[in-house]
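Report on one structure; see the data block that follows.
The values are calculated or read from the model by the stated rules, or taken from the named source; none is laboratory data. Small disclaimer: the values here were computed from a predicted structure and weren't measured. FYI the Cβ positions are ideal-geometry reconstructions off the backbone, even for glycines, and counts take in every protein chain you see.
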Amino acid sequence: MKKLLMFAAISAVTLVACKKDDDDDNNNPTNEQMILGTWTSVVIEGSTYDNTNSDTVASYSIPGPFYTLTFEANGVVKSQFVGDSTYTGTYTLNGNTLVAITDGDTVGGEISTLTSNKLIFEETDTYTEGSVSYTDKSYFEFSK
């Protein structure tokens, strides 16, 4: 009888311990898991700066929803502007750095926020036209 009670107690502890491990995995998803699904733009903002004199050359703010990104587990991303065709490409997520390429266009940057329903990343590009150097800074906010 004592052996039966001991077996039952050990089995119960083992089952509870296994259940807790499964719950911990679901409560701490990785960036790779959280980014999956369809994200709709909330706002996309940006500015272009003249690096010679630090002047702002242009700024924009585009409220959403007008653009979606759908991330799939196999590294495939689909992008679509409202009312336009869907473009399929690839994406990589390396730590907090996101790069998505669709139809020859690249979007991405450093992720500052990634939760189950909010994605924010910022992108900075520097380029030269003639003898003037410019920096574009863009802010992307999406929700699920």
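In the set Ile35, Ile44, Ile111, which member is within 13 Å of the chain's Cα centre (by Cα) and closer than 14 Å to Tyr139 by Cα?
On the way: Ile35 fails: closer than 14 Å to Tyr139 by Cα; Ile44 fails: within 13 Å of the chain's Cα centre (by Cα).
Among Ile35, Ile44, Ile111, only Ile111 is within 13 Å of the chain's Cα centre (by Cα) and closer than 14 Å to Tyr139 by Cα.
Hey, can you tell me all the residues within the range 114-131 that are of a type in the set (S, T, N, Q) and closer than 16 Å to Leu69 by Cα? Reasoning before the result, please.
We begin by selecting, within the range 114-131, every residue of a type in the set (S, T, N, Q); these are 115-117, 124, 126, 128, 131.
Within the range 114-131, Thr115, Ser116, Asn117 qualify.
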*State which residue is nearest to Asn74 (Cα to Cα) when the search covers only the range 93-104 and only residues that are loosely packed, with under 13 Cβ neighbours inside 10 Å and free of Cβ contacts under 8 Å to residues at least 12 places away in the same chain.*
Asn94
*Restricting attention to the range 72-89, which residues are over 16 Å from Leu114 (Cβ atoms), in contact with a strand residue (DSSP E or B) (Cβ under 6 Å, 6 or more places away or on another chain) and not small (Gly, Ala, Ser)?*
Lys78, Gln80, Phe81, Thr86, Tyr87, Thr88
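Give me the strands (runs of 3 or more DSSP E) completely within the range 87-144, filtered to those with at least 1 residues that are closer than 16 Å to Ser47 by Cα and modelled with pLDDT under 95, ordered by residue number.
Working: elements: 97-102, 105-114, 118-129, 132-143.
In the range 87-144, 105-114, 118-129, 132-143 are the strands (runs of 3 or more DSSP E) which contain 1 or more residues that are closer than 16 Å to Ser47 by Cα and modelled with pLDDT under 95.
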